[in-house]
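Since the structure comes first, as structure tokens, the remarks are kept for the end.
The values are calculated or read from the model by the stated rules, or taken from the named source; none is laboratory data. Everything numeric in this text was worked out from a predicted model, so none of it was measured. Because the Cβ atoms are built from the backbone with ideal geometry, glycine has one as well, and the counts that use them run over all protein chains shown.
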Amino acid sequence: MSDDLKASIEIDAPVEKVWTIVSDLKRMGEWSPMTRKMRVSGPVGVGTKTFNLNKSGWRVWPTTSKVVRFESNKQIAFRVNENRTIWSYELISDGQTTTVTERREVPEGTSKVSQFLVKYFMGGTEPFEQNLAKGMDATLARIKREAEAA
């Protein structure tokens, strides 16, 4: 994997409502098409650990992560141990609408194991990252639908 990925969406809902959805990591499988399940070690905050079950097509694989940033109503980020990526959600509100930005950061590059698996089992870096970007758009659209529901 090479570059950071980013996607944003504007949601017609107050930041508190959007935050409740985004910060409930146990529900990540409802939002992300690449996450089947996320088990959370306890109340979500810096240091919270998760066990994740991921999928892409017929491929299913486990990962673990740890929350590395947590600021209520503003941002949450977790670092995936196996590949060293950091996934984050940042919320910015004008009081009525909330913009959510999802990022996949690779500040240290990905692990050799991850690079090998992406190259030989996930179709290569470019197709895999295109799939991740589509998944980010789908995740944000699902969060928007949930937040804007009556």
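Annotations
- Among the residues listed as 32, 23, 56, the single one being more than 19 Å from residue 145 (Cα to Cα) and surrounded by 16 or more Cβ atoms within 10 Å (Cβ to Cβ): 56
- Residue 105 satisfies every condition listed in (1) touching a residue at least 60 places away in the same chain (Cβ under 8 Å); (2) within 21 Å of residue 21 (Cβ to Cβ) except (2).
- Filtering segment 84-101 to residues that are more than 14 Å from the chain's Cα centre (by Cα), surrounded by fewer than 18 Cβ atoms within 10 Å (Cβ to Cβ) and under 23 Å from residue 68 (Cβ atoms) leaves 92, 99.
- Qualifying residue in segment 24-44 (condition: among the small types (Gly, Ala, Ser) and out of contact with any Lys or Arg (no Cβ under 9 Å at 6 or more places or on another chain)): no
- Among the residues of segment 102-124, none qualifies, meaning not one is modelled with pLDDT of 95 or more, crowded, with 18+ Cβ neighbours inside 10 Å and either assigned to a helix (DSSP H, G or I) or of a type in the set (A, V, I, L, M) (or both).
- Residues that are part of a strand (DSSP E or B) and among the polar types (S, T, N, Q) within segment 61-98 comprise 63, 64, 65, 75, 88, 93, 98, listed in sequence order.
- Pairs linking a residue in segment 118-136 that is touching a residue at least 12 places away in the same chain (Cβ under 8 Å) to a residue that is surrounded by fewer than 14 Cβ atoms within 10 Å (Cβ to Cβ) and of a type in the set (Lys, Arg), with Cβ atoms under 8 Å and 6 or more positions apart or on different chains, are 121/59; 122/59; 125/119.
- Taken as a whole, the condition of being without any contact (Cβ under 8 Å) to a residue 40 or more places away in the chain, of a type in the set (A, V, I, L, M), within 21 Å of residue 142 (Cβ to Cβ) and assigned to a loop (DSSP other than H, G, I, E, B) applies to residue 44.
- Within the option set 17, 6, 37, being without any contact (Cβ under 8 Å) to a residue 24 or more places away in the chain and either over 12 Å from the mean Cα position of the chain (by Cα) or within 23 Å of residue 110 (Cα to Cα) (or both) holds for one residue only, 37.
- Residues being buried (at least 17 other Cβ atoms within 10 Å of the Cβ) and under 13 Å from the mean Cα position of the chain (by Cα) - total across segment 125-141: 5
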